[in-house]
Amino acid sequence: MDTSELRELLTPEALGLLEQLPPSEGAPDAVRLVSRLRKEGHPPARVAAVLTQYRLRRKAVAKFGPFAERMLFTAPGLEQASRLAVAAQHAGRYRAAGLGSVADLGCGIGGDSMAFSALDLRVTAVERDEPTAAVASYNLAPWVRTTVELGDATAFDVERAEGLWLDPARREGARRLSAPDDFSPSLDAALALAAQRPTGIKLAPGMDRALLPEGLEAQWVSDGGEVVELVLWSGALARDGIGRAALVLTAEGSAELTAPADSADAAAGALGEYLYEPDGAVIRARLIGDLARRLDGRMLDETIAWITADRLEPTPFARAFRVLERWPLDAKRIGRELKQRGIGTVEIKKRGVDIDPAAFRKQLKPTGSGSATLVLTRLAGERAALLVERCD
């Protein structure tokens, strides 16, 4: 968003028009909507600014739910913003640690600051991009204890806040930044701030683990089965004795698996009646061994992040399957077996085998009204196919 578009958007006429449009959960005909607005006499710049926000609000519902209908966005800001349920977890940490104020350094559109503000923390939201800061000011206007400042995160006086939150920008236009030195602020700069105040640093979940510093708690978070972030916690925000954590958020609530460090691997063993697919946060946190021991299970293979066990143990940290059949990984053989069972819809999961699931499905030529899940993997070094059914 450039300055001219921002100025057009923040006019009473544009904001009023945006609020008059129908709820954006649907998929309206954009061409007809543009034509209608132009016929009503709205200038092209206003129509463009309003429709951009209309589209972004539709996309933002996945992260912000009904709150998206009263927010403004920039495309990069929405891309990087924390989901509301995840931001609430962040804010809860600061409240639990007894911190009364937080500086959100690099606040973007203000998603995390909204969660902090909702818990009545005093928030200073700092953003260096002027249009983005203006959008954050709009989104955070309902909270009188929250202020938005235009400035650089690294120049902030940390004495002004009891705790810090940083979400370094990891994109530059359409380009995703992979080198931590290119982040804004850089990872080194963020860690320097974390040494001065209790701090949370949000990073991509696939961050190179070799770059993770000693002495901070590393928490991977999944929401609805998708790993969405890695957060490094320092000072009073880091929990004693916890170096690795996997937080799993679902519609039913939250659950967390923690350990002082990466867990030791569990031994590989024979295929049991049940198969467990660990949540991605557990895999990223390298707590698979601890989970296997909780389930009284063993690894399917030494190099594969799947667990097998002889009994079903419900867990929020993995998806469970019952093993129905085991076959050699041979497309013709598997195709015949599926045809005999009338299975025409096949979900294919693969682990540890170099196979394109879409191409393999075509080789199977499935027909019938039934459906099933097929796991293509290795067992004790041998390629195998497992016909399984979900236990949920």
> Looking at L10, L18, L84, L37, which one is modelled with pLDDT under 95, of a type outside the set (D, E, K, R) and surrounded by fewer than 18 Cβ atoms within 10 Å (Cβ to Cβ)?
Replying inline: L10
> Would you call T147 under 25 Å from the mean Cα position of the chain (by Cα), surrounded by fewer than 24 Cβ atoms within 10 Å (Cβ to Cβ) and outside any helix (DSSP H, G or I)?
Replying inline: no
>> Quick check on segment 296-305. Is at least one of its residues open to solvent by less than 10 Å² (accessible area, probe 1.4 Å), assigned to a loop (DSSP other than H, G, I, E, B), without any contact (Cβ under 8 Å) to a residue 24 or more places away in the chain and farther than 24 Å from P205 by Cα?
In response: no
> Which one is farthest from A285 (Cα to Cα) among residues in segment 241-265 that are crowded, with 20+ Cβ neighbours inside 10 Å and more than 16 Å from the chain's Cα centre (by Cα)?
Replying inline: L257
>> Let me confirm something: among A331, A380, A384, which residue is in contact (Cβ under 8 Å) with a residue 40 or more places away in the chain, in contact with a Phe, Trp or Tyr (Cβ under 8 Å, 6 or more places away or on another chain) and among the small types (G, A, S)?
In response: A384
> Residues of segment 76-96 being touching a Gly at 6+ places or on another chain (Cβ under 6 Å), touching a residue at least 40 places away in the same chain (Cβ under 8 Å) and not in a helix (DSSP H, G or I), which ones?
Replying inline: S82
>> Out of the residues in segment 206-235 meeting the condition of being open to solvent by less than 10 Å² (accessible area, probe 1.4 Å) and among the acidic types (D, E), tell me which one is nearest to the chain's Cα centre (by Cα).
In response: E229
> Does A238 satisfy being touching an Asp or Glu at 6+ places or on another chain (Cβ under 6 Å), farther than 28 Å from I304 by Cα, open to solvent by less than 30 Å² (accessible area, probe 1.4 Å) and among the small types (G, A, S)?
Replying inline: yes
> For segment 109-131, what are the residues that are farther than 18 Å from E162 by Cα and modelled with pLDDT of 95 or more?
Replying inline: I109, G110, G111, E127
>> Looking only at segment 115-136, filter to residues that are in a loop (DSSP other than H, G, I, E, B) and among the hydrophobic types (A, V, I, L, M, F, W, C); which one of those is surrounded by the fewest Cβ atoms within 10 Å (Cβ to Cβ)?
In response: L119
> What is the number of the single condition among (1) surrounded by fewer than 16 Cβ atoms within 10 Å (Cβ to Cβ); (2) closer than 17 Å to Y276 by Cα; (3) over 27 Å from the mean Cα position of the chain (by Cα) that G381 does not meet?
Replying inline: (2)
>> If I filter segment 336-348 for residues that are among the aliphatic types (A, V, I, L, M), closer than 30 Å to Q89 by Cα and out of contact with any helix residue (DSSP H, G or I) (no Cβ under 8 Å at 6 or more places or on another chain), do I get at least one hit?
In response: no
>> Please determine whether any residue of segment 357-372 is surrounded by 17 or more Cβ atoms within 10 Å (Cβ to Cβ), more than 17 Å from A270 (Cα to Cα), in contact with an Asp or Glu (Cβ under 8 Å, 6 or more places away or on another chain) and modelled with pLDDT under 95.
In response: yes
>> Regarding segment 340-356, can at least one residue be identified that is of a type outside the set (S, T, N, Q), touching a residue at least 24 places away in the same chain (Cβ under 8 Å), assigned to a helix (DSSP H, G or I) and open to solvent by less than 40 Å² (accessible area, probe 1.4 Å)?
In response: no
> Is one or more of the residues making up segment 64-75 without any contact (Cβ under 8 Å) to a residue 12 or more places away in the chain, open to solvent by 60 Å² or more (accessible area, probe 1.4 Å) and outside any loop (DSSP other than H, G, I, E, B)?
Replying inline: yes
> Out of V323, V282, which single residue is more than 30 Å from E214 (Cβ to Cβ) and either under 23 Å from the mean Cα position of the chain (by Cα) or outside any helix (DSSP H, G or I) (or both)?
Replying inline: V323
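The values are calculated or read from the model by the stated rules, or taken from the named source; none is laboratory data. Predicted model only: the values in this text are computed from it and were never measured. Reconstructed Cβ throughout: ideal geometry from the backbone, glycine too, with neighbour counts over all protein chains shown. We work out accessible area using only protein heavy atoms, side chains counted, and drop any ligands, DNA or RNA first. Shrake-Rupley method; radii C 1.70, N 1.55, O 1.52, S 1.80 Å.
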